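Working notes, structure below.
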């Protein structure tokens, strides 16, 4: 998509959709009008254009919230698919004091669609391919929600690096995670291709893929800096740091910084992180200290959509929010039923204690 | 109604809605274990086919991790299809649970929130029962990132079409925290860069001192500090623009000039104010207005009975005896003349302020005062200070006569405020830009004092080996080695000391007895740790923890179960303690070139330590 095409596409969008798109990308976007919003969107994202485009596509799939007039007409005749006599239909006005454009979702549609997807060949997402591709030219930071497929990026990048006869180091913050990954990677690449290093033990240290905790890698890099090298750092092609949001850990965060600072220039860095608030800062930092520019991949779309529910101690389940999915940003109104049940819970538990 | 849902009911409710498998995050390990016990007591049982599936997976894992076979919960997990997963378990057991979960054999896992990051398996549903988490001593609310980390476990890629994050209330829940966590943007992360002693030694080993500042500047910490400094610099530029109209005037630094002048002026004003209600004449006179003195008044004359200061009227007052015997009060300032004539009188503390006999005498005297009396010459001193101030103001400050005085007076308040802001910003920018480097320097000084670095910041012989100890409390460990505390030490005592240094949990419990040798050495370590306190926070140094490790190393025939029986510590905690000790010992082992005896002792300890369950994982 060229810039002009994107611009016309953005112009066609209603302004609230643009605000949703700008969330997390543009500082204080709610201050901007439509024109300036489009300009800001086009200006700030030469690096992240694919992410922006995919988010835009996703947003365009979603129907727009119906205008409030229509909702008012619809409400009395509303589909009310709840069982008769359910307390929710008894107190709709009392509980749902917040005026909302759409009627709150009901339990049936909330629970709809549970199931196992039909097995289909694995097709990597665009961002996953982009992440792997970008690694050829520089460092990459991936900041995406938990469980959206960071491991695929790590695997694919590793596969390519091994094919190019480079060594790969994979670090994780916890020994337990190292062990899990060791088992997983041994299964995928073959046991002779994967080694693990701990403080006192080296299993298959000559393997092209080495798994270790970040502390061990830091120590290796210090040893290399002072000339007592015992791992082939010159053939090192890729360093993958999993859970790199640990850089803000009060006790151990410094180790991540040391590792990144002393990471050999010829090795590419792949930082995998859960969603964090300021991945752009980390990317800017890497760009400022590393020879190649760092590319940031971020999005907050989940591969498997997530819904939030409320389960009352008496076993009654209700959606937590008015909408089926989890609303992002401010204004996520609670479902009236969940609200009522929680108020009831507080009434029952907190009142007697204070008496 | 119970304050929170019963675990068995919870899982039944989830099963009926097809929301299993689920991860249930609970407040504590105890809560997880209680939930398991509830299942153990319940009559729940899985269909045989599923039980067999679990047994098959476990049987396969036992070949790799033999300790799973002995796990007391194995049969319960198999029967109810539910398991607990927390830090109190052995890693091998946790691996087993994760594998069962991955294969879809379990309906639910009870886990603690604290270990959300270490839980590496997804489920269809995540149950959140709390909105706060225990960090060190007290409970803090979950951050947005933490809530998303928890909720993110829901929905398995390729196995689920949707994932569910379900909230169930417990007394520990705040709905707002969770909803904010689910809908909000995760927090920004901040650098936690600290400069440790091993870092300094390793940096100085590889790089000359003049490169260090550049290396520190590459840290994320400095990057973020620079960002903040840049913001301040922009603010500073703005302030400079605002300062423009207040540039040099007749004197270049007119703001300070005016400030000093204003200060002096105010001080002068202040002094005058104090003296205002007493004229110099009056002050001079006051000391002569003593009881018995004859004074002249606007009308007639009188004899002073007393002099006082009333609280109501701030001025000095006198009580007078008028001719004819009247006793009156009037301000001292109404006295017109002070005569050189006093009468003897006996003072009294109450009205009429003199003894009755002398009062009669005084009345008599007052009635026949001579017509003319000599006036007392009183020297009135002009206040020299005041004139001096006026003088200096005029001499030292051009301000009173300066043509820009009105402008200065008007602008001074604003300009001064701006200038102070500029100074403050300057200082902050300085601190942000150089703070890291200063911290490095102050820590370097400590290392120089202790003899790890030469005054030229090169590694001494001691520094050369000390840099290999790259763990917490490295300074304490290297100082101990230097103090020969470990000469001729037994492996189990060394391991005991290391574990007491490594262990940072103050959870109480029952522990085995400690040997006298270890106890006395531990006392020595504690003493040294206290003396190092200004440079490094002392570790907990728990003797009971040291004893656990000592037993394990000292008695190679002790089984894992036997060790667990010796203490109330959870299995997982003992494992972690020993694993950390192993880490510390292997650091000591790296000193084999300079301290062969000690390194040998450490490697012997490592060999004994690595047995049983500690051998299962690399």
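What about residue B:577, is it closer than 17 Å to residue B:473 by Cα and away from chain A (no Cβ under 11 Å)?
yes
Quick check: is even one residue across segment B:6-15 under 20 Å from residue B:146 (Cβ atoms) and touching a helix residue (DSSP H, G or I) at 6+ places or on another chain (Cβ under 7 Å)?
There is no residue in segment B:6-15 that is under 20 Å from residue B:146 (Cβ atoms) and touching a helix residue (DSSP H, G or I) at 6+ places or on another chain (Cβ under 7 Å).
Is it the case, given these coordinates, that residue B:13 is farther than 21 Å from residue B:122 by Cβ and over 42 Å from the mean Cα position of the chain (by Cα)?
no
When you scan segment B:288-316, how many residues do you find that are part of a loop (DSSP other than H, G, I, E, B) and more than 60 Å from the chain's Cα centre (by Cα)?
9
Looking at segment B:200-215 only, could you name the residues that are surrounded by 20 or more Cβ atoms within 10 Å (Cβ to Cβ) and either within 7 Å of chain A (Cβ to nearest Cβ) or over 21 Å from residue B:469 (Cα atoms) (or both)?
B:202
Would you check if there is a residue in segment B:24-40 being at pLDDT 90 or above, more than 14 Å from chain A (Cβ to nearest Cβ), crowded, with 21+ Cβ neighbours inside 10 Å and not in a helix (DSSP H, G or I)?
Scanning segment B:24-40, I find no residue that is at pLDDT 90 or above, more than 14 Å from chain A (Cβ to nearest Cβ), crowded, with 21+ Cβ neighbours inside 10 Å and not in a helix (DSSP H, G or I), so the answer is no.
Please work out which residue is modelled with the lowest pLDDT, limiting yourself to segment B:68-95 and to residues that are over 41 Å from the mean Cα position of the chain (by Cα) and closer than 21 Å to residue B:616 by Cα.
Out of the qualifying residues, it is B:70.
With (1) touching a residue at least 40 places away in the same chain (Cβ under 8 Å); (2) over 26 Å from residue A:275 (Cα atoms); (3) more than 14 Å from every other protein chain (Cβ to nearest Cβ) as the list, and residue A:109 as the residue in question, which single condition is left unmet?
Going through (1) touching a residue at least 40 places away in the same chain (Cβ under 8 Å); (2) over 26 Å from residue A:275 (Cα atoms); (3) more than 14 Å from every other protein chain (Cβ to nearest Cβ) one by one, residue A:109 breaks only (3).
Just a yes or no: is a residue in segment B:601-616 within 30 Å of residue B:449 (Cβ to Cβ), assigned by TED's automatic domain parsing to the domain that holds residue B:474, in contact (Cβ under 8 Å) with a residue 60 or more places away in the chain and surrounded by 15 or more Cβ atoms within 10 Å (Cβ to Cβ)?
Yes, segment B:601-616 has at least one match.
Name the strands (runs of 3 or more DSSP E) wholly within segment A:113-207 that hold at least 1 residues that are on the phi > 0 side of the Ramachandran plot?
Ranges flagged: none.
Do any helices (runs of 4 or more DSSP H) lying entirely in segment B:146-234 carry at least 3 residues that are modelled with pLDDT under 90 and assigned by TED's automatic domain parsing to the domain that holds residue B:111, and which ones are they?
It comes to B:175-183.
Kindly indicate whether any position in segment B:160-181 is crowded, with 23+ Cβ neighbours inside 10 Å and more than 7 Å from every other protein chain (Cβ to nearest Cβ).
yes
Checking residue A:25 against (1) away from every other protein chain (no Cβ under 14 Å); (2) within 25 Å of residue A:129 (Cα to Cα); (3) modelled with pLDDT of 75 or more: exactly one of these is not met. Which one?
(1)
Enumerate the helices (runs of 4 or more DSSP H) found wholly within segment A:241-355, keeping only those where 1 or more residues are more than 8 Å from every other protein chain (Cβ to nearest Cβ) and more than 30 Å from residue B:212 (Cα to Cα).
Helices (runs of 4 or more DSSP H) meeting the threshold: A:336-354.
The values are calculated or read from the model by the stated rules, or taken from the named source; none is laboratory data. The structure presented is a predicted model; accordingly, all values stated were derived computationally and were not measured. Neighbour counts run over all protein chains shown; Cβ positions are idealised from the backbone, glycine included.
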